[in-house]
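Q: Before I ask anything, here is the structure I am working with.
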Amino acid sequence: MLTIGPQTAVYLATEPVDLRRGHDGLCALVRGRLGLDPMAGQLFAFIGRRGDRIKVLFWDRGGFVVYYKRLAEGRFKWPRVAPDADRVVLDPTELTMLLGGFDLTNARRTPAWQPRGTVSVAA
């Protein structure tokens with residue numbers, strides 16, 4: 001199980017990746033393809049070419065960690081992706097749902113509770 005703080009950003013690369021890459025290869029993708037710092041505290045997710053495997057890279061107190069999951073059946077369901085996007089930003093709940101096999105394109109959230117008299121902010 002992967003435990004993630006509620007404010008942690010998760011970046012899902014939109015192009016399938018050769019998952020033979022290890023820690024260093026995934027770090028190179030984060031720096032090169034995404035233009036981000038792999039040691040900055042975010043999580044970086046990569047789905048393999050067949051769509052049934054995912055690796056999540058993150059920095060943890062002095063070392064990189066790679067979380068790897070292979071589905072026994074089926075494929076991971078990609079969230080909606082803009083045509084020119086190199087990444088999709090997920091929140092920790094969406095990553096958990098993706099890892100659990102949920103289809104994020106059909107998932108809907110109920111509106112968050114807000115006290116009376118406040119203006120709703122669209123997310």
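Q: Out of the residues in region 20-38 that are within 18 Å of residue 88 (Cβ to Cβ) and touching a helix residue (DSSP H, G or I) at 6+ places or on another chain (Cβ under 9 Å), which is most open to solvent (accessible area, probe 1.4 Å)?
A: 36
Q: Write out, first by first residue and then by second, each pair whose Cβ atoms fall under 6 Å of each other, whose residues are 6+ apart or on separate chains, and whose first residue, in region 98-117, is within 14 Å of residue 76 (Cβ to Cβ) while the second is at pLDDT below 85 and open to solvent by 100 Å² or more (accessible area, probe 1.4 Å).
A: Once the first residue is within 14 Å of residue 76 (Cβ to Cβ) and sits in region 98-117, its partners that are at pLDDT below 85 and open to solvent by 100 Å² or more (accessible area, probe 1.4 Å) give 105/80.
Q: Can you tell me which of (1) open to solvent by 80 Å² or more (accessible area, probe 1.4 Å); (2) in contact (Cβ under 8 Å) with a residue 60 or more places away in the chain; (3) of a type in the set (Asp, Glu) is the one residue 73 doesn't meet?
A: (2)
For (1) in contact with a helix residue (DSSP H, G or I) (Cβ under 8 Å, 6 or more places away or on another chain); (2) within 19 Å of residue 37 (Cβ to Cβ); (3) aliphatic (A, V, I, L, M), each residue gets a yes or a no:
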site: 53; (1), (2), (3): no, no, no
site: 58; (1), (2), (3): no, yes, no
site: 63; (1), (2), (3): no, yes, no
site: 73; (1), (2), (3): no, no, no
site: 77; (1), (2), (3): yes, no, no
site: 81; (1), (2), (3): no, no, yes
site: 98; (1), (2), (3): no, no, yes
site: 111; (1), (2), (3): no, no, no
site: 116; (1), (2), (3): no, no, no
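Q: Taking the options 58, 44, name whichever one is of a type in the set (Phe, Trp, Tyr), surrounded by 15 or more Cβ atoms within 10 Å (Cβ to Cβ) and more than 23 Å from residue 84 (Cβ to Cβ). Let's see the steps before the verdict.
A: Details: 44 fails: more than 23 Å from residue 84 (Cβ to Cβ).
Result of the check over 58, 44: 58.
Q: Check region 114-121 and report whether any residue there is among the basic types (Lys, Arg), in a strand (DSSP E or B) and open to solvent by 60 Å² or more (accessible area, probe 1.4 Å).
A: no
The values are calculated or read from the model by the stated rules, or taken from the named source; none is laboratory data. Just so we're clear, the structure is a prediction, and the values are computed from it rather than from any experiment. Cβ: placed from backbone, ideal geometry, glycine included. Neighbour counts: every protein chain shown. Accessible surface is based on the protein model in full, side chains and every heavy atom, while ligands, DNA and RNA are left aside. Shrake-Rupley method; radii C 1.70, N 1.55, O 1.52, S 1.80 Å.
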